Amino acid sequence: MLVHPQFDPVALQLGPVALRWYGLMYLLAFALVWLLGRYRIDRNPGGVWTRNDMDDVLFYGILGTILGGRLGYVLFYKFGDYLAAPWKVFYVWEGGMSFHGGFLGVVIAMIWFARSRHQDWLRITDFIAPLVPLGLAAGRMGNFINAELWGRPTDLPWAMVFPNVDRVARHPSQLYEFALEGVVLFIILWLFTAKPRPRGAASAVFLIGYGVFRFGVEYTREPDSFLGFLALGLTMGQWLSLPMVLAVAGLLAWAWSRPR
């Protein structure tokens, strides 16, 4: 049985300014997206993407991720709490981000970016899709460092006790998500996009892969205490992932049915 190290959530204190691990993981996530995007652009010098395009799309992506992720958490998870104290929406240092909200925010941001450049937004998301999983991995590592989003009780050999919760051995579900939504999904998409694919296919594979992994890992993750289990014994994360996977499966079928 393992015990969570109980990291100090503050990575560095500079006078009154505290640099928290959670925020640093988000910076790392955006840095990884930027570096991988530049790598792909440099490997294809005759392509339609330039380094300046990567810089611009990252700016839009950051806005979509932060605004969408935060508002998604407020609407999907704690709407009543924030309705009673709306100023706490801005307390981002307390955590509280939703992937599904961030996804919607990024989609809107990419459509906005595409219109400003008179480009096809699906081609933009196809380029971005394989760059994202390692950023998700960084975010899950932030959850692990913060000892949040812990798993359900288990007697598996790698079970972990989170002293900030109780003395019960639990699934380290943050690390499962780090591995599946981050590393494994990155490998799948990086290999999948090594060859030309139909428009929308890379975006669809990313969302289906994330949705399936998230749906599965939720069976090991303790549901949010303020929500518990919902209809059919599923969690909010599963209910948000299920329609996304079904809808995007249609996008994948549409992508492969069209002329290359």
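Kindly indicate the residue of the stretch 153-200 that is β-branched (Val, Ile, Thr), assigned to a loop (DSSP other than H, G, I, E, B) and under 15 Å from His4 (Cβ atoms) and also modelled with the lowest pLDDT among those meeting that condition. Working first, answer last.
Applying the first criterion (β-branched (Val, Ile, Thr)) to the stretch 153-200 yields 154, 161, 165, 168, 183-184, 187-188, 193.
Next, only the ones that are assigned to a loop (DSSP other than H, G, I, E, B) stay: 154, 165, 168, 193.
Restricting the remaining residues to those that are under 15 Å from His4 (Cβ atoms) gives 154, 165, 168.
Details: Thr154: 96, Val165: 91, Val168: 95.
Among residues in the stretch 153-200 that are β-branched (Val, Ile, Thr), assigned to a loop (DSSP other than H, G, I, E, B) and under 15 Å from His4 (Cβ atoms), the one modelled with the lowest pLDDT is Val165.
What's the total number of residues in the stretch 36-73 that are buried (at least 16 other Cβ atoms within 10 Å of the Cβ), touching a residue at least 24 places away in the same chain (Cβ under 8 Å) and under 24 Å from Gly23 (Cα atoms)?
Within the stretch 36-73, residues that are buried (at least 16 other Cβ atoms within 10 Å of the Cβ), touching a residue at least 24 places away in the same chain (Cβ under 8 Å) and under 24 Å from Gly23 (Cα atoms) number 18.
Scanning the stretch 187-209 for residues that are without any contact (Cβ under 8 Å) to a residue 40 or more places away in the chain and over 23 Å from Gly139 (Cα atoms), which turns out farthest from the chain's Cα centre (by Cα)?
Per the criteria, the residue is Lys195.
Considering Val89, Val33, which residue is over 19 Å from Gly142 (Cβ atoms), surrounded by 13 or more Cβ atoms within 10 Å (Cβ to Cβ) and of a type in the set (Val, Ile, Thr)?
Among Val89, Val33, only Val89 is over 19 Å from Gly142 (Cβ atoms), surrounded by 13 or more Cβ atoms within 10 Å (Cβ to Cβ) and of a type in the set (Val, Ile, Thr).
Any idea which residue in the stretch 166-186 is nearest to Val132 (Cα to Cα), counting only those that are aliphatic (A, V, I, L, M) and more than 16 Å from the chain's Cα centre (by Cα)?
So the residue we want is Ala169.
Among residues belonging to the stretch 209-260 that are surrounded by fewer than 13 Cβ atoms within 10 Å (Cβ to Cβ) and among the basic types (Lys, Arg), point out the one that is modelled with the highest pLDDT.
Looking at residues that are surrounded by fewer than 13 Cβ atoms within 10 Å (Cβ to Cβ) and among the basic types (Lys, Arg), I get Arg258.
I'd like to know if the stretch 71-92 contains one or more residues that are over 30 Å from Gln13 (Cα atoms) and modelled with pLDDT of 85 or more.
no
From the list Leu180, Leu131, exactly one residue is closer than 18 Å to Ala31 by Cα, aliphatic (A, V, I, L, M), crowded, with 21+ Cβ neighbours inside 10 Å and in contact with a helix residue (DSSP H, G or I) (Cβ under 6 Å, 6 or more places away or on another chain). Which is it?
Leu131
If you go through the stretch 134-152 one residue at a time, how many are under 15 Å from Val3 (Cβ atoms), touching a helix residue (DSSP H, G or I) at 6+ places or on another chain (Cβ under 8 Å) and not in a helix (DSSP H, G or I)?
2
Table: residues versus (1) over 25 Å from the mean Cα position of the chain (by Cα); (2) part of a helix (DSSP H, G or I); (3) over 30 Å from Ser116 (Cα atoms); (4) at pLDDT 85 or above.
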position	(1), (2), (3), (4)
Ala18	no, no, yes, no
Tyr22	no, yes, yes, no
Leu27	no, yes, no, yes
Leu32	no, yes, no, yes
Leu36	no, yes, no, yes
Tyr39	no, yes, no, yes
Asp42	yes, yes, no, yes
Pro45	yes, no, no, no
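Of the residues in the stretch 213-260, how many are assigned to a loop (DSSP other than H, G, I, E, B) and either in contact with a Leu (Cβ under 9 Å, 6 or more places away or on another chain) or closer than 26 Å to Asp166 by Cβ (or both)?
Summing the residues that are assigned to a loop (DSSP other than H, G, I, E, B) and either in contact with a Leu (Cβ under 9 Å, 6 or more places away or on another chain) or closer than 26 Å to Asp166 by Cβ (or both) in the stretch 213-260 gives 14.
The values are calculated or read from the model by the stated rules, or taken from the named source; none is laboratory data. Computed from a prediction, not measured in an experiment: that's the story for all the values here. Note that each Cβ is placed from the backbone with ideal geometry, even for glycine, and that neighbours are counted across all protein chains shown.
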